[in-house]
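Could you have a look at this structure, given as structure tokens, before my questions?
The values are calculated or read from the model by the stated rules, or taken from the named source; none is laboratory data. What you see is a predicted model, and the numbers here were worked out from it, not measured in a lab. All Cβ positions, even for glycine, are placed from backbone atoms using ideal geometry, and neighbour counts span all protein chains on display. SASA here: full protein model, heavy atoms, side chains in, ligands and nucleic acids out. Shrake-Rupley method; radii C 1.70, N 1.55, O 1.52, S 1.80 Å.
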Amino acid sequence: MRLAAAARLWGPPGLLLTFALHPALCLRPARTAAPPHRDYCVLGAGPAGLQMAYFLQRAGRDYAVFERAPRPGSFFARYPRHRRLISINKRHTGKANAEFNLRHDWNSLLSHDPQLLFRHYSRAYFPDAGDMVRYLGDFADRLRLRVLYNTTIAHVTLDKDRQAWNGHYFILTDQTGQAHRCSVLLVATGLWVPNQVDFPGSEHVEGYESVSVDPKDFEGQNVLILGRGNSAFETAENILGVTNFIHMLSRSRVRLSWATHYVGDLRAINNGLLDTYQLKSLDGLLESDLTDLAVVKDHEGKFHITLKFFLEESNQSADAITLPQDDNDNFAMRVAYDRVIRCLGWKFDFSIFNKSLRLSSSGEFSKKYPLVKASYESKGSRGLFVLGTASHSVDYRKSAGGFIHGFRYTVRAVHRLLEHRHHHVPWPSTEHPISQLTNSIVRRVNEASGLYQMFSVLADVILLKENATAFEYLEEFPMQMLAQLETITGRKAQHGLFVINMEYGRNFSGPDKDVFFYDRSVGHTEDAWQSNFLHPVIYYYRHLPTEQEVRFRPADWALPRPTAIHHIVEDFLTDWTAPVGHILPLRRFLENCLDTDLRSFYAESCFLFALTHQKLPPFCQQGYLRMQGLMGTESLRRHGIESGLLRDYATVGRPREDGGQRPVGSSPAPGLPVQPLDGNKEEL
Amino acid sequence: MQRTAWKYYPRQQDHNTEQNREKSPACVQLQLMMSSSFNIFRVGISVVIMCIFYKSAVDSLSELSPQKYFSTLQPGKASLAYFCQADSPRTSIFLEELNEAITPLQDYGISVAKVNCVKEETSRYCGKEEDLMKAYLFSALLFNEVKYITTLEDLQNIENALKGKANIAFSYVRAIGTPEHRAVMEAAFVYGTTYQFVLTTETALLESIGNEDIENAHLYFFHCKQVLDLTLQCRRTLMEQPLTTLNIHQFIKTMEAPLLTEVTEDPQQVSTVHLQLGLPLVFIVSQQATYEADRRTAEWVAWRLLGKAGVLLLLRDSLEVDIPQHSNVIFRRAEEGVPVEFLVLDDIDSLISHVESNVHIEEIQEDEDEDTKSPNMDVQDDEVAETVYRDRKRPLPLELTVELTEETFNTTVVASDSIVLFYAGWQAVSMAFLQSYIDLAIKLKGTSTMLLTRVNCADWSDLCTKQNVTEFPVVKMYKEGKNPVSYVGMLGTEDLLKFIQLSRISCPVNITSVQEAEEYLSGELYKDLISYSSVSVLGLFSPNMTTAKEDFTEAGNYLKGYAITGIYSEEDVLILSDKYAATLPALLLSRHKEGKIESIPLANSHAQDIIQIITNALLETFPEITVENLPIYLRLQKPLLILFSDGSINPQYKKAILMLVKEKHLDSLTPCWLNLKNTPVGRGILQSYFDTMPPLPLLVVVNLHSGGQVFAFPSDQAITEQNLLLWLKKLEAGLENHITILPAQEWKPPLPAYDFLSMMDAAASQHPTRKDPECTKEMDVQENDKKQHEDKSAIIKEPIETLRIKHWNRSNWFKEGEKSFRHDNKEL
């Protein structure tokens, strides 16, 4: 009886199950062996990949890093060829502030572990690349980051799925054919494919990636180097003393980083050849489009430079080919070279990404980078972010986003964006009463490293609360995404906002600028807007700018035209804490934006205001009235009286013999009590 | 110069309306916008002009032909008409503003219209455009302040109406809309509540009061207030300077000044408003014997010199300074450092002419955009920042506190109970508090077990963030390195000391015997602490009242450092509850000053309620109000009844007020007293209430939270219970007049900021090349190199110069020196 009942009950569900399984099995056979899933996949265990892994790990996210090499930082294991990094390792700044010190530490990644600062890994100002490899290895190990080494991702495709966070999954296939399914793909593969120029005879050219680094191999040779970046000059520097001469040939003129304020341009440490060129020591620089060239090898194995044009005319033997000097006997490159070396940099490896990802290159000026939005998300597929050096299209030749000391912050910004997008964790912020507004800004512009390194890319944002009695402070937001701030951060910007950015003076930086011109420094607060060196700029908006406004902003503006703008005057020491030179004008600016009085007052003044005014200034409201007034000391009070900002009430208002004449400055009109402080007088 | 509040509200029709109803022709002739038959005494607005065509420039302004304009005028309604000739850029800006003003003006019953003037139109009302510019809005807002008249009769009517009441400022301007008209309107804006402003454009009227000079604007001051006999004419003083806002202001100031002042001081020391206005002083030297006659002479002279010099009567007898025997007049110039002149003059005319020939009336040109008048924005007006800066070179004995770093912080706060001050070296408020903190360290030197430490967050930013410190200054107390307690009291030595001392005992203290409890209540147990808290709180619980005990303990923890709390829950707790008539669970409050112990039942009170009960219990019924304790009493949100006393309070008064409190007459007030010896800033308060220091003691009621009225108890009455009660009743009934109303205005920015945006715009428009984006390709740059370079140096230089000229404080050598020094530095 019992058994029978059970069997009867069991029957129909079993049938249903079969029906249910049927379509799944038939239609999606691949799903039977679904690839392992990760929420976040990071491609590449270089500095950017490890940096992202760190933030994901701290947030407790499901992630993996895929690295084809057995250890992190494989690029640094090979490059730079001459092993000297040009990112500075400043071990002393005279300051204890760790955040400030990161302004001058170009190699460390961000972490909570003070042992993981690069200064513990090298004493050299320009450290050895081997130390970077060691550092990255330690970073991954000490923080126990989940890196899958020896895993080469050969192919990335999209798999549409409505359930997925972004409407699709990224399917990564490694060298063994194993697939990995990811909700979010973070590409931190860097730029590693050497740039090559295709011209006749380019097979005779040695590449930077394989050329000998032993100067002995260049003894008494004539060398031609193609390129004018740091790798070209680094190569030249190495052999400068042993060659007959070095000629450098490149498409455009050399850009000196101290003139452009861009660390990717030629750094002074590598520019020894400029010196010998300008002092006529046989070395030289030339400009020409490399694609017009041809290299011809003669019977002695020497190389001659000619034009592609001549080559097309006759396909004769090497010695018969027309050379420019045949017509033009003072042609600069008429000598024969023993070696031609190509040092043309690297580009992003687009090859592993399936077309469906629509990962395209960034256009004419930054072909070597994939195209991304200011939020570092690919324009082609949602959920694909490009990190690190490969993300440099956002601020190419402007800021430091292509370098460790820059992208460590942009990676953090991407992580904050993801935390809000997928985990409802709003962008971190601190909330303060409005009386702390000036302080918050002064603090950040004086210590924040992200603002300083990623100037004009990442900016702090202050969101005002209703009636401007309080504000929220958000750090290091990608400023070109300002219009989308609310969706990206999950914070509300209904009542106006300030944006704090660091900027060089307009027209100050550039390849041809004389950055040493007389009068280049500005010392007067009223001329602050003409400051040339990196200085804080504060934008005030009554409303969040729209996407249109951000996109169609004036050409030389970092942001759309604000309601008001303030420049804190540049400072030789980059220390913006001078009470009158820096803080006072900032306070006046903030006061006038908010139409309030942001001065601080001693408790005694607040006491007086409390009994003689119906309203109190914010400092008294938010301090004194909450029993946190500033009492001050006798010596401060004496200074206050001397300065005329405080009154000595013990001597005030004693009845006088002269018929009760009022002391100077007392109120002549009834109903309007004296404002005892200078500067609070209403002006006509 | 201060302004009265903006007055938008139309006053009720004044009594002149009816009687002037018949005078409509004058109105039309006068182009008064107050339409037709009404109110010739109210200046409506501006001018009507015949104009024939109109062209649409501003759509939202109704544009009218004259005929239409007049047909739309309604009796009794004000309207604002703007007459324009063509749409010049300047008028457009004005029109934009006018446009914005339409809705608010309509709310006040003023309609707005624009009337176009044709260029050929020769009518005076169209006038020259410059003259027409600014007057309208002033007029629009002021139509009640200024009466517009056309006949002598009108003037006499006003004069008669105001005799014995108020003085009149009567002015003639050639046309409405002229700069003089504007100056008068601005003056009316400021002084309109004090004086009756009367305006005319009628040359006949000017001539009829004896002035032929119809080409220029004139202003007369009619001294009507002191005229009590209605048959007498008001005395008139003609202002001799041109009508500019500043001159009118100066002139009115001198009219306000006492006509004649008697002094017994050294003439060199005397100061009156005249000197501040740049006018000289004339001392008529008198002596006891001839006092009466001299006084009459002096008054006569004073009237003659009114507006030109200050006249004082100097009594030679009571003067210690030597005055030459024969001199009868002393003349003192306004310029500082010029010695006084001793004169011997025979008659009044020679005196007058001497003064007049010596008065150097400085022509102060007014210019709206004059930079010389702009305040110096670089002068520190933050009292905390300024005092800290001035004190920066005084070395502080910082070594009395332990400076902590990222490395030493954790070990230190674990090793010993510590107070940690988190501050930032660049922040003025925390540096000011650091001084108090050091003073505290000096006080506590060698006596406290508490380690005083500090962390400079400018150096140890991460440490401060980890300790959740994002604002400065913050004080935290660490006991055994954990659960730091944030100090939330006044940032001063005394209050922090109190916190540290009261934190020494656990909170609540566990009392273990009845005897100990009695000692606790009597203040014997913590003798040294009762000077920091005059109330001891004891919670009484039966041993089994666990929840109640927990709540009380939580409340005690919360009040740690601010109150003395104890807990008793032994088996014999009934001994105490019986003795103090308390029902368990209960609170005993022992007020040590008064020697009283009261009990409060605690049944079903949660921790939050208990905190509230204890906090309220700490308030006194008639406290001496101080800078430190005012905020606690303000929280009660009641009007304050303050007895100002110079020194200790008279026990009689205290008794009277306490009696009233007891009888619950003061429940709606917070009674308190203020000792000017302890709280000298009280003088500043009295001064703002009374202008001059009133005799003390003095009782006032300050309605801080609703309305801001201040009432003063009549000083001729004795402060007794009865008088006070009577006065308070009258107050309540609204029968007392307030002596002043506290200003309710918001705290605005004390000074403007640099407008960098306009500076950038100005530079950009001067040098359009500058605006050009640098989008030229690198390749092209090469060719442009030289040219750009030259451009650039010019660009950099010129705007700096033009803008600098604007800055008024340019000649500051110190700054210039500093600047060149900076250059040198950068060269290095």
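May I ask you to evaluate 6.51 cos²θ - 1.76 cosθ + 1.60, the Karplus curve with θ = phi - 60°, for each residue of segment A:112-124 and list the ³J(HN,Hα) values in order in whole Hz, giving x for glycine and proline?
Once rounded to whole Hz, the list reads 8, 9, x, 5, 8, 9, 5, 5, 7, 10, 7, 9, 7.
List the residues whose amide H sits under 5 Å from the amide H of A:VAL193, counting only those 5 or more places along or on another chain, with H placed 1.01 Å from N in the peptide plane.
A:LYS347, A:ASP349
While we're looking at this one, here's another question. In degrees, nearest 10, range 0 to 90: what is the angle between the Cα axis of helix A:603-612 and the longest Cα principal axis of chain A?
Between the helix axis and the principal axis of chain A, the angle is about 60 degrees.
Taking all pairs of different Cα atoms in segment B:477-544, averaging 1/r and flipping that mean, what Kirkwood radius in angstroms comes out? The partial results should precede the final answer.
On the way: mean 1/r = 0.0726 Å⁻¹.
One over the average 1/r among Cα pairs gives 13.8 Å for segment B:477-544.
Over 26 Å between Cα atoms: which of A:LYS95/A:LYS513; B:LYS579/B:LYS654; A:LYS216/A:LYS297 fall into that group? Display every interim value, and only then the final one.
On the way: A:LYS95/A:LYS513 32 Å; B:LYS579/B:LYS654 31 Å; A:LYS216/A:LYS297 23 Å.
As for pairs spanning more than 26 Å Cα to Cα, those are A:LYS95/A:LYS513; B:LYS579/B:LYS654.
I've got another one for you. Per residue, how big is the convex hull of segment A:348-415 when only Cα atoms are used? Give it in Å³.
Details: hull volume 5.4 nm³, N = 68.
In segment A:348-415, the Cα convex hull volume per residue is 80 Å³.
Rolling a 1.4 angstrom probe over the protein heavy atoms, how many square angstrom per residue are accessible across chain A? All intermediate terms of the calculation are to be shown ahead of the outcome.
Values: 28900 Å² over 684 residues.
About 42 Å² of surface per residue is accessible.
In the P(r) worked out for segment A:180-339, what percent of Cα pairs fall beyond 26 Å?
Numbers: 4304 of 12720 pairs.
When all Cα pairs of segment A:180-339 are counted, 34 percent exceed 26 Å.
Let me ask you something else. Of all the Cα-Cα pairs you can form in segment B:507-659, what percent are over 23 Å apart? Don't skip to the end; give the middle numbers.
Working: 4685 of 11628 pairs.
Tail fraction, whole percent: 40.
Please report Rg over Rh for segment B:449-574, where both radii come from the alpha carbon positions and Rh follows the Kirkwood definition. Before the final figure, lay out the partial values.
Numbers: Rg = 17.2 Å, Rh = 16.3 Å.
Value, to two decimals: 1.06.
Within the set A:LYS465/B:LYS748; A:LYS373/A:LYS398; B:LYS527/B:LYS655; B:LYS476/B:LYS498; A:LYS615/B:LYS638; B:LYS225/B:LYS730, which residue pairs have Cα atoms separated by over 20 Å? Please list the in-between numbers first.
Working: A:LYS465/B:LYS748 18 Å; A:LYS373/A:LYS398 16 Å; B:LYS527/B:LYS655 29 Å; B:LYS476/B:LYS498 14 Å; A:LYS615/B:LYS638 15 Å; B:LYS225/B:LYS730 31 Å.
Going by Cα-Cα distance, B:LYS527/B:LYS655; B:LYS225/B:LYS730 fall outside the 20 Å limit.
So, one more: Counting other C-beta atoms within 10 Å, and keeping those with at most 16, which DSSP coil GluC sites (Glu not before Pro) do you find in segment A:118-227?
On the way: sites: A:GLU203, A:GLU206, A:GLU209, A:GLU219; in loops: A:GLU209, A:GLU219.
Within segment A:118-227, the qualifying GluC sites (Glu not before Pro) (loop, at most 16 other Cβ atoms within 10 Å) are A:GLU209, A:GLU219.
As an exercise, identify the trypsin sites (Lys or Arg not before Pro) in segment B:591-693 lying in DSSP coil whose Cβ has no more than 12 other Cβ atoms within 10 Å.
Numbers: sites: B:ARG591, B:LYS593, B:LYS596, B:ARG635, B:LYS654, B:LYS655, B:LYS662, B:LYS664, B:LYS677, B:ARG683; in loops: B:LYS593, B:ARG635, B:LYS664, B:LYS677.
Loop-located and lightly packed - B:LYS593, B:LYS664, B:LYS677.
When DSSP assigns beta bridges and you keep just the ones with both residues in segment B:366-502, what percent turn out antiparallel, to the nearest 5?
50 percent
Filter the GluC sites (Glu not before Pro) in segment B:582-662 down to the DSSP loop ones having no more than 14 other Cβ atoms within 10 Å, then list what survives. Before the final figure, lay out the partial values.
On the way: sites: B:GLU594, B:GLU598, B:GLU620, B:GLU624, B:GLU628; in loops: B:GLU594, B:GLU620, B:GLU628.
Passing both the DSSP loop test and the Cβ count: B:GLU594.
With n ≥ 4 as the cut-off for DSSP H runs, can you work out [θ] at 222 nm for chain A, using -39500 (n - 2.57) per run divided by the number of residues, rounded to the nearest 500? Don't skip to the answer; put the middle values down first.
Working: 19 runs with 174 residues, N = 684.
When only DSSP H runs of four or more count, the value is -7000 deg cm²/dmol.
Follow-up. Please give the total accessible area that chains A and B bury against each other, computed with a 1.4 Å probe and expressed in Å² to the nearest 100. Could you put the intermediate results ahead of the total?
On the way: alone 34790 and 45690 Å², together 68600 Å².
Result for this pair: about 11900 Å² buried.
Expressed as a fraction of 2.2 N^0.38 Å, the rule-of-thumb size for a compact globular protein of N residues, what is the C-alpha radius of gyration of segment A:460-591? Present the calculation step by step, with values, prior to reporting the outcome.
Working: Rg = 15.7 Å, N = 132, 2.2 N^0.38 = 14.1 Å.
Working it through for segment A:460-591, the quotient is 1.12.
Return one whole number: the accessible area per residue of segment B:254-358 in Å², for a 1.4 Å probe. Mind dumping the intermediate values first?
Values: 5240 Å² over 105 residues.
Value for segment B:254-358: 50 Å² per residue.
Still on this structure, please answer the following. Accessible area drop of at least 20 Å² (1.4 Å probe, protein heavy atoms): which residues of segment A:98-115 qualify, relative to the chain alone?
SASA drop of 20 Å² or more in segment A:98-115: A:ALA98.
Which residues of segment A:526-567 show a drop of at least 30 Å² in accessible area when all protein chains are present, compared with their chain alone (probe radius 1.4 Å, heavy atoms only, ligands and nucleic acids excluded)?
Listed by number, the residues meeting the 30 Å² cut-off are A:GLU526, A:ASP527, A:TRP529, A:GLN530, A:ALA555, A:ASP556, A:ARG561, A:ILE565.
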